[in-house]
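Beneath this line is the structure, given in structure tokens, with notes to follow.
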Amino acid sequence: MTTPDAVPADLPTATHVLAPDELDLLELALGGGAAWTPPAGLPAGPVTLTDAENTPLAVVGDGAAPHAVKPFARAAGPHWDPALRRTAEDVRPGAAGSLAVVVAEPPTRSELAALPGLAAGADAVLVLVPASRRSPAAGHVGAPGLVRVAHDLAERVRATGRAADVVVVPWPATAPDALRWPEVAARYGAARAEVLADHRSPAERARVDRLGALWSDEVGALYAEPAAGELARAARTARRRGAVVFFTGLSGSGKSTVARALAAELDDEGLHTTLLDGDEVRHHLSKGLGFDKASRELNVERIGYVASLVSSHGGVAVAAPIAPFASGRARVRALAEAAGTFLLVHVSTPLEVCEARDRKGLYARARRGEIPEFTGISSPYEEPTDADLVLDTSRVDVADAVARVRAALAERLG
């Protein structure tokens, strides 16, 4: 799949903002991994498909397959590694006749023991890892963990003398009925597909299902009522200290990309993380607000208020608005520090770099006078003097930026 860097100027004016599951389906379809399934509520006629940041990704007409116009934004984490997240079109030539092993959940010992028998007759094994943009359900291993497990499984396969390749497959959390692993695996070049978890015995499945109850069983065995009940209640209500990580920076600075990657890592580790991205908030929490100073201040204050609520309940809120004014950021800090830990991250990427990226074509429109009060062009950005961490994404990559934020947050949380 190839996608141009520049957004065409003649895109259809009708747009459809894709939800996370729809983004997974679009990415899969554009790479040849599945047939295109139009999302519900798609307007008639040519439509520009965008992400929540209003970045044009593809154009689709009546009944036609989508045509890519812009690459997807990528985040950090092993499930976003370009070496693993390859399209079906790229993988297919080298995977002809292979066995596709789907690692949708961590394999048990018996499933690993069954793998050589499943791979009998196959010269190569394609390890497919479904990766959803949505956070995993509580207690379930997310895509980063599954990728690490898949690498171990591939090494076990290679030890038998067979070739093994790990490929991350975009996969919606609520996959439509039409999406089946045998068909997807065939599009990736595999002769057949095996979902490892389907080979779990009923007895072993029952043991896995009981894992969540083992702690309460032990409490019941060790303590009599009412002590056992009080311990269970205390465990249910236990809270970590909450935190707000607040990114600020120009449009195109990379703050949303780093924020998404940070939120995904924290959420995957069970830290109950809520992402409040500037553009998504504009669609919902601040719908109808303008871009004058008063409206921008109100938008930032609303984000700060919601973030502080998340923190007060022991969660982590990651916010990434532009937040151009010091007064608005000061109000957010006051709200957040009253509820928990606050970390202000200034993404200081220079204006010329942000403008060169211009994924949405906003700077070009602002230069032409089509967007009034655009931060950095016709409206000021007041650089923070109280930032807890400063990052320039033209000098550090996403993974390094996330690592630095995590280190600063860990220090604050003790």
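Residues of the range 401-414 being open to solvent by 60 Å² or more (accessible area, probe 1.4 Å) and either under 20 Å from the mean Cα position of the chain (by Cα) or of a type in the set (Phe, Trp, Tyr) (or both), which ones?
Arg404, Arg406
Conditions tested, residue by residue: (1) on the phi < 0 side of the Ramachandran plot; (2) of a type outside the set (D, E, K, R).
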residue	(1), (2)
Gly229	yes, yes
Gly242	yes, yes
Gly254	no, yes
Ala261	yes, yes
Glu269	yes, no
Leu276	yes, yes
Arg282	yes, no
Leu285	yes, yes
Leu289	yes, yes
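Looking for whichever is open to solvent by less than 10 Å² (accessible area, probe 1.4 Å) and closer than 18 Å to Val167 by Cα here; the options are Ala83, Ala100. Which one fits?
Ala100
Just for the range 32-58: of the residues that are closer than 29 Å to Ala186 by Cβ and surrounded by fewer than 20 Cβ atoms within 10 Å (Cβ to Cβ), which one is nearest to the chain's Cα centre (by Cα)?
Here the answer is Pro39.
Could you list, ordered by first residue, the pairs with Cβ atoms under 7 Å in which the first is in the range 23-45 and in contact (Cβ under 8 Å) with a residue 40 or more places away in the chain and the second is polar (S, T, N, Q), at least 6 apart or interchain?
Correct list of pairs: Asp24/Ser132; Leu25/Thr37; Gly31/Thr87; Gly32/Thr87; Gly33/Thr87.
Mind listing whichever residues of the range 132-162 are within 30 Å of Glu27 (Cα to Cα) and assigned to a loop (DSSP other than H, G, I, E, B)?
If the condition is that a residue be within 30 Å of Glu27 (Cα to Cα) and assigned to a loop (DSSP other than H, G, I, E, B), then Ser132, Arg133, Arg134, Ser135, Pro136, Ala137, Ala138, Gly139, His140, Val141, Gly142, Arg162 are the ones that fit.
Just for the range 165-191: of the residues that are open to solvent by 30 Å² or more (accessible area, probe 1.4 Å) and of a type in the set (A, V, I, L, M), which one is modelled with the lowest pLDDT?
Across the range 165-191, the extreme among qualifying residues is Ala178.
Quick one: which of Ala159, Ala138, Ala114, Ala119 is open to solvent by 70 Å² or more (accessible area, probe 1.4 Å), closer than 22 Å to Glu204 by Cα and either in contact (Cβ under 8 Å) with a residue 60 or more places away in the chain or hydrophobic (A, V, I, L, M, F, W, C) (or both)? Give the derivation first.
Working: Ala159 fails: closer than 22 Å to Glu204 by Cα; Ala114 fails: open to solvent by 70 Å² or more (accessible area, probe 1.4 Å); Ala119 fails: open to solvent by 70 Å² or more (accessible area, probe 1.4 Å).
Sole residue among the options that is open to solvent by 70 Å² or more (accessible area, probe 1.4 Å), closer than 22 Å to Glu204 by Cα and either in contact (Cβ under 8 Å) with a residue 60 or more places away in the chain or hydrophobic (A, V, I, L, M, F, W, C) (or both): Ala138.
Please work out which one of (1) surrounded by fewer than 17 Cβ atoms within 10 Å (Cβ to Cβ); (2) touching an Asp or Glu at 6+ places or on another chain (Cβ under 7 Å) is the condition Ala334 fails and give its number.
(2)
Could you tell me which numbered condition Ser251 fails, if it satisfies all but one of (1) touching a Cys at 6+ places or on another chain (Cβ under 9 Å); (2) modelled with pLDDT under 85?
(2)
Which residues, taken from the range 64-109, are among the small types (Gly, Ala, Ser) and free of Cβ contacts under 8 Å to residues at least 24 places away in the same chain?
Correct list: Ala64, Ala83.
Determine whether the range 251-263 contains at least one residue that is within 27 Å of Val166 (Cβ to Cβ), open to solvent by less than 50 Å² (accessible area, probe 1.4 Å), among the basic types (Lys, Arg) and within 31 Å of the chain's Cα centre (by Cα).
No, because not a single residue in the range 251-263 is within 27 Å of Val166 (Cβ to Cβ), open to solvent by less than 50 Å² (accessible area, probe 1.4 Å), among the basic types (Lys, Arg) and within 31 Å of the chain's Cα centre (by Cα).
Given the options Glu355, Glu301, name the one that is open to solvent by 50 Å² or more (accessible area, probe 1.4 Å) and within 29 Å of Gly414 (Cβ to Cβ).
Going through Glu355, Glu301 in turn, the sole match is Glu301.
Going by the structure shown, is Val129 of a type in the set (A, V, I, L, M) and either part of a strand (DSSP E or B) or open to solvent by 70 Å² or more (accessible area, probe 1.4 Å) (or both)?
Yes, satisfied.
Which numbered condition trips up Leu289, out of (1) part of a helix (DSSP H, G or I); (2) of a type in the set (A, V, I, L, M, F, W, C); (3) open to solvent by 10 Å² or more (accessible area, probe 1.4 Å); (4) without any contact (Cβ under 8 Å) to a residue 40 or more places away in the chain?
So Leu289 meets the others, but not (1).
The values are calculated or read from the model by the stated rules, or taken from the named source; none is laboratory data. Since the structure is predicted, the reported quantities are computational estimates derived from the model, not experimental observations. Heads up, the Cβs are rebuilt from the backbone with ideal geometry, glycines too, and the neighbour counts pull from every protein chain shown. In case anyone asks, the SASA skips ligands and DNA or RNA and just uses the protein heavy atoms, side chains included. Shrake-Rupley method; radii C 1.70, N 1.55, O 1.52, S 1.80 Å.
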